[in-house]
Amino acid sequence: MNLKKWESATEWPLTVLSLLFLVIYAWQILSEPTGIWNRAAEFSMNALWVVFGVDYVVSLLLAERKWEWFKHHVFDLLVVLLPMVRPLRVLRVLTALNALHRTSGMALRGRITMYVGASVTLIVFIGSLAVLDAERSAPGASIKTFGQALWWTFVTITTVGYGDYAPVTSTGRVIAFVLMLGGIALIGVVTATLASWIVDEVSAEEHKESSITHEEVEEMSHRLERIERKLDAFESRGAAIVGGTPVDSKTAGPSDIRTLRA
């Protein structure tokens, strides 16, 4: 089996497991279970972590150019190794969008819009859960509810930064740093997509106007050709026979014209 076949075979199963991870993680943060339920949630997430780790190792072994593959999948390695970024494993859900646009025939701008919308939704939700998990038990923390965490995440990712809520833990600040970088990137993508759409619309309008002008020129050219043909026919009818000799109206002299009138 090669890498392409492995990724094709594991794409949807890993996407489903990523959604399951998101559900378990969100339930654990929002419900704060204790006892056996909390241990079950931890065991489930650790088991999913092992699955993602195995997928990373197998993909690396199957890659023909392992160093090139490694350089392009550093984030996957960080997701596997660093506990603080474990919620970001659910970004694997975006692989489902990759399979979706291949079967839908969606245009490039539509795919970009879909990716941006899904990414923003996931990052805001995951960031809110992660910062709430890191902050609510810390001394002096201002983010203690999911509503506050959601507001802080949205304000941070849009780079507005009101300052009414701020993380006090190291993990919370790392999450803020990631959200800031993600926000700048997403704003760039949105701006570029909007600019591309405007340019395409202007180009289409200009093309339409130039097409109309070209059609008008062609129509005028055809009219001129018809007028020239009519003039030629009129001149040919003006040819007269004077003394049994054809006389062209363009070359006939005054005496010829008098003879023609007689």
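Using the Cβ-Cβ distance between PHE154 and LYS208 with R0 = 41 Å, the FRET efficiency computed as 1/(1 + (r/R0)^6) comes to roughly 0.50. Around the Cα centre of segment 1-63, unit charges on the Cβ atoms of Lys, Arg, Asp and Glu (plus for the first two, minus for the last two) sum to a dipole of about 140 debye.
Distance between the C-alpha centers of segment 143-190 and segment 35-61? Whole Å please. If we compute the Cα centre of each part, the gap is 27 Å. If R0 is taken as 51 Å, the Cβ-Cβ distance between ALA9 and SER196 corresponds to a FRET efficiency of 0.90.
Annotation: lysines with alpha-carbon distance below 16 angstrom to LYS4 (same-chain offsets under eight excluded): LYS66. With bins 5 Å wide beginning at 0, the percent of Cα pairs of segment 32-80 falling in each bin runs 5, 20, 21, 16, 12, 9, 8, 6, 4, 0. Averaged over residues, the count of other Cβ atoms within 10 Å places the peptides 41-52, 125-136, 197-208 in the sequence 125-136, 41-52, 197-208, highest first.
Diffusion of segment 1-88 by Stokes-Einstein, at 10 °C in a medium of 1.306 mPa s and with Rh set to the Kirkwood radius over alpha-carbon pairs, works out to 112 µm²/s. Taking all protein chains together, HIS73, HIS222 sort by accessible area into HIS222, HIS73, largest first [probe 1.4 Å].
The values are calculated or read from the model by the stated rules, or taken from the named source; none is laboratory data. In this text the structure is predicted, and so the values were computed from the model without any measurement. Every residue, glycine among them, receives a Cβ derived from its backbone with ideal geometry; neighbour counts consider all protein chains shown. Note: accessible area is taken over every heavy atom of the protein model, side chains too, but ligands, DNA and RNA are not part of it. Shrake-Rupley method; radii C 1.70, N 1.55, O 1.52, S 1.80 Å.
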